[in-house]
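Before any comments, here is the structure.
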Amino acid sequence: MAPTDILERRIVLEDVDPLALVGANDMHLRLIEQRLGGTVIVRGNTLILRGDLNEVQTLEALFQELVYLLRRNERLLPEDVATVLDVLTLEKSPARMAEEEIIFVGRQGPIRARTPHQQEYWRSVQTHDVVFAIGPAGTGKTYLAVAMALAMLRRNEVARLILSRPAVEAGESLGFLPGDLQEKVDPYLRPLTDALLEMLGAEKLRSLMERRIIEVIPLAYMRGRTLNNAFLILDEAQNATIGQMKMFLTRLGRSTKAVVTGDVTQIDLSDPTASGLVDVQTVLRNVPGIAFVYFDRTDVLRHRLVADIIEAYERSQRRHGTPPETPAPTNGQ
């Protein structure tokens, strides 16, 4: 698509007063168009965004933030609009983009390590054979692990990509559920396949899975295998038992990397003390070749409310004397 092509996107406003969003006498709209370019048209409760691809994408991101602020504060001030514009302008600047590491260029464009912890994560995977990424939802732990694995696959640094999750709700005994194996485990593995679909597209993913270059399997089905020249990802590892964690880590063969992701505040096991992700932070604390990377709510790149939700839960845990997260051990270098 040429940069001069004009795109049009529509945003339907729900539970938001369009007049409060655009400002008195369209004050906010004029400021937005001056700073970002493009055109914004208001028709009833619908915003029509017009411009080139970059302008429309930036306008979409802007109005998502403004709608959030308006719903939360029940009003929107010109200084609120100016602040969001300043943040977006900084994030789109060439200097900021140059600082962000490009991990993988997928079907929808480049995937970058955006926050300092994400950049630490990316560097740790390059320099360590086993990396544990621990932190709350929305921080990019799993998504970036998939991107890093696909990048190594594309560069022929590994021959296979194997993604796994513990199927806690089914007790890792899936035989009693209806359907074939894929139908049984699909609900547990969907977040992993969603990331692969977004980066590769359905046709490419289907081809790689048919050739078993990419496998998405429940953790129980990794027992007994030795995996050489592969990139392994264990997601939701807080729900793996201590024995399962040991089993997964001892699958590593020659020229294999492993990334383990999880959130120790979201353990679904009947006995949380049996979590392999909690245990492994002590057991493997000082083992060379293993790194631990810790994320927090400042790394959340989902809806802004996700960071607010995490902060609220952390406040509640502090009030009740419960530590919000396992203390970070020293990385094994």
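The values are calculated or read from the model by the stated rules, or taken from the named source; none is laboratory data. Being a predicted model, the structure only gives us computed values, none of them experimental. Cβ coordinates were reconstructed from backbone atoms using ideal geometry, including for glycine residues, and neighbour counts include every protein chain displayed. For the accessible areas, the whole protein counts, side chains as well, though only heavy atoms, and no ligand, DNA or RNA atoms are used. Shrake-Rupley method; radii C 1.70, N 1.55, O 1.52, S 1.80 Å.
Annotations
- Calculated FRET value between Leu269 and Asn156, using beta carbons and R₀ = 30 Å, to 0.05: 0.20
- Applying the Karplus relation 6.51 cos²θ - 1.76 cosθ + 1.60 with θ = phi - 60° to the range 235-248 yields 3J(HN,Hα) values of 9, 6, 5, 5, 9, 8, 6, 4, x, 5, 4, 4, 4, 4 Hz, where x marks Gly and Pro.
- Residues with amide H under 5 Å from that of Ile290, placed H, sequence gap 5 or more: Gly332
- DSSP-assigned coil residues among GluC sites (Glu not before Pro) in the range 1-86, each with at most 15 further Cβ atoms within 10 Å: Glu14, Glu74
- On the range 211-272, 46 percent of the accessible area sits on carbon and sulfur atoms, based on a 1.4 Å probe.
- Total formal charge among the other residues, if their Cβ is under 14 angstrom from that of Ala291, Lys/Arg +1 and Asp/Glu -1: +2
- For the pair Arg72 and Ser316, a Förster radius of 22 Å applied to the C-beta separation gives a FRET efficiency near 0.70, rounded to the nearest 0.05.
- For Ile233, the amide hydrogen comes within under 5 Å of the amide hydrogens of Ile162, Leu163, Ser164, Val259, counting only partners 5 or more places away or on other chains and with H modelled in the peptide plane.
- Here the spin labels are modelled as points 7 Å beyond Cα on the Cα-Cβ line, and at Lys246 and Asp26 they lie 7.0 nm apart.
- Of the trypsin sites (Lys or Arg not before Pro) in the range 218-252, the ones in a loop by DSSP (not H, G, I, E or B) with at most 16 other beta carbons within 10 Å are Arg223, Arg225.
- Label-point separation, Asp17 to Val105 (7 Å along Cα→Cβ), nm: 4.8 nm
- 5 angstrom amide H check on Gly38, placed H, neighbours 5+ away: none
- The slack in the chain from Ile41 to Glu210, taken as 0.36 nm per residue of separation less the alpha-carbon distance, amounts to 56.1 nm.
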